[in-house]
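The values are calculated or read from the model by the stated rules, or taken from the named source; none is laboratory data. The shown structure was predicted, so the numbers you read here are calculated from the model rather than taken from an experiment. Cβ sites come from the backbone with ideal geometry, for glycine too, and all protein chains shown count toward neighbours.
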Amino acid sequence: MNLQQLSAALSARLEAFQQSPPEGRGATVRLAPMGEIADSLALNQGLHEGLGGDGVERFLDAYLGYVTRLHSESFFAHQTAPPNPGSTAAALIDGAVSNPMAIFEMGPAAATIEYALINRLLSLIGWPAPPWPEQRQTDDRYAAGVLVHGGSLGTLTALVAARTRVQPDLWERGNDPRLCLICAAEAHYAVQRAAGIMGLGRRQILHAASDARGALTAAGVAAALRSARAEQRLPIAVIATACSTSVGAFDPLDEIAAVCAEYGVWLHVDAAHGGAALISPALRGRLRGIERADSVVWDAHKMMRTGPLATAVLYRDEQACNAAFEQEASYLFHAKELPGFDFLHRTIECTKSALGLKWYLALAWEGEAAVARYIERCFALTRYAWERICADADFVAAVEPEANILCFRPVAATGQELRLRDRLISEGEFHLSTTLFAGSRWLRIVVMSPSTDEQTIDRLLERLRGLAATDNTD
């Protein structure tokens, strides 16, 4: 079986799977012990004997029996959008041609797409985008960026650049023990991981005061910076969030940026999820002030209809972007007269896939305006869910939603959130998550599927009402 035949057979199965689940499993999620799944997939046979073309088809049929269906109207669990056909095609193209394009000669088309896509993202933030490399003037100043594999790596990359500005000789001397980071207690766990990888301990992460939504306040940031100055610490960056993972709260970026400017401290914005609102004229105001940041992380696989993983690390100052890393490799880093642009010096990764191709084709498939309408619809449906909950005495919400994330619970089942989630997952139709917020656990939905509508949310609430009543009488 050649690639064309195999692609046709697999495409038919994948299309059918997106439309409806295979028989014998739930509409959205199916969990089972790993040994059972391995037996269904015939993993040992494949490893030792091979599959062949027909075997791949049988393998996919078994595989889809255990795949979580992000296209399901009842998928609410995590911040992962179902890829549209454009992004799916990009994954096939990249898998077939395999161009690791961190250096231009290994993927000229992919590198050109990444360069153009980065420029579009820079312009959406409000930063000056550079022209094509062959059109540049040496004294021009622009913003810059690079695509990496995921938001955690993006956060690390941006904070390395921020640290280099504070301590330019760190690659020679190591960390100054006075270095620290400032963020909210609700900041994504990627911040703590990045800090640890950079050689910073928990005592070097200072938590600034937050409001009732868990969002940073400008006054809290100012107090943290005053404290850091009094203790003769060296802040690498203040890390703001747009929006938070737990409840979708947006930090007041404009106010925080003013404080950072006053103290001369790098402002990094984790816009992994909320950055997508920048393409919507109706929603971009939630990120007012983002243009004053020094760096921004923005995930495509959150709300841009792009498959995982693709994250933009964006900088207001190109020089800061290029100064993050100074390591050399003579077989890669050298003077070149050939055309193009190498992204290798901007990222931790030496080999990376054509991430820009995924992001570009996801947008180009239906147009940026259509993706913006998808984002607006997800936000609006989340608002609908909140209004329904507020009007129903059987439910309570944690906070008013600002994005497509909502925390809530049935009043009668307070304290049973994990049990309710497990019951729903075992049924296979509704897939939710839970989170801790303000000292207690909540059910959490993230509206991501284009198939979700108001009736889906109504059915979810009624199912939870029934489960809560049952649990309350057990």
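Mind checking which helices (runs of 4 or more DSSP H) fall wholly inside the stretch 1-111 and carry at least 3 residues that are of a type in the set (Asp, Glu) and either outside the structural domain of ALA385 (by TED's automatic domain parsing) or in contact with a helix residue (DSSP H, G or I) (Cβ under 6 Å, 6 or more places away or on another chain) (or both)?
Of the helices (runs of 4 or more DSSP H) lying wholly inside the stretch 1-111, those with at least 3 residues that are of a type in the set (Asp, Glu) and either outside the structural domain of ALA385 (by TED's automatic domain parsing) or in contact with a helix residue (DSSP H, G or I) (Cβ under 6 Å, 6 or more places away or on another chain) (or both) span 52-64.
Does the stretch 113-127 include one or more residues that are in a loop (DSSP other than H, G, I, E, B) and surrounded by 22 or more Cβ atoms within 10 Å (Cβ to Cβ)?
Yes, some residue in the stretch 113-127 is in a loop (DSSP other than H, G, I, E, B) and surrounded by 22 or more Cβ atoms within 10 Å (Cβ to Cβ).
Name the strands (runs of 3 or more DSSP E) wholly within the stretch 367-468 that hold at least 3 residues that are aliphatic (A, V, I, L, M)?
440-446
Do we have any residue at all in the stretch 69-92 that's over 27 Å from the mean Cα position of the chain (by Cα) and of a type in the set (Asp, Glu)?
no
Checking the conditions here, which among THR138, THR80 is closer than 30 Å to ARG421 by Cβ and surrounded by fewer than 20 Cβ atoms within 10 Å (Cβ to Cβ)? Break it down into steps so the answer makes sense when it comes.
Numbers: THR138 fails: closer than 30 Å to ARG421 by Cβ.
Exactly one residue qualifies, and that residue is THR80.
Could you grab me the full set of residues in the stretch 119-147 that are among the aliphatic types (A, V, I, L, M) and either at pLDDT below 95 or touching a Pro at 6+ places or on another chain (Cβ under 8 Å) (or both)?
LEU122, ALA143, ALA144
Quick check on my filter: what residues within the stretch 398-417 are within 16 Å of SER244 (Cβ to Cβ) and surrounded by fewer than 19 Cβ atoms within 10 Å (Cβ to Cβ)?
GLU400
Search the stretch 191-220 for residues that are over 12 Å from LEU181 (Cα atoms) and pair each with any residue that is charged (D, E, K, R) and assigned to a loop (DSSP other than H, G, I, E, B) when their beta-carbon atoms are under 7 Å apart and the residues are at least 6 apart or on different chains.
If the second residue must be charged (D, E, K, R) and assigned to a loop (DSSP other than H, G, I, E, B), the pairs left are SER210/GLU186; GLY214/GLU186; ALA215/ASP251; LEU216/ASP251; THR217/ASP211.
Can you pull out the residues in the stretch 316-340 that are modelled with pLDDT of 90 or more and either part of a loop (DSSP other than H, G, I, E, B) or of a type in the set (A, V, I, L, M, F, W, C) (or both)?
Within the stretch 316-340, ARG316, ASP317, ALA320, CYS321 qualify.
Taking into account only those residues within the stretch 292-323 that are closer than 16 Å to VAL238 by Cβ and touching a residue at least 40 places away in the same chain (Cβ under 8 Å), which is surrounded by the fewest Cβ atoms within 10 Å (Cβ to Cβ)?
ALA320
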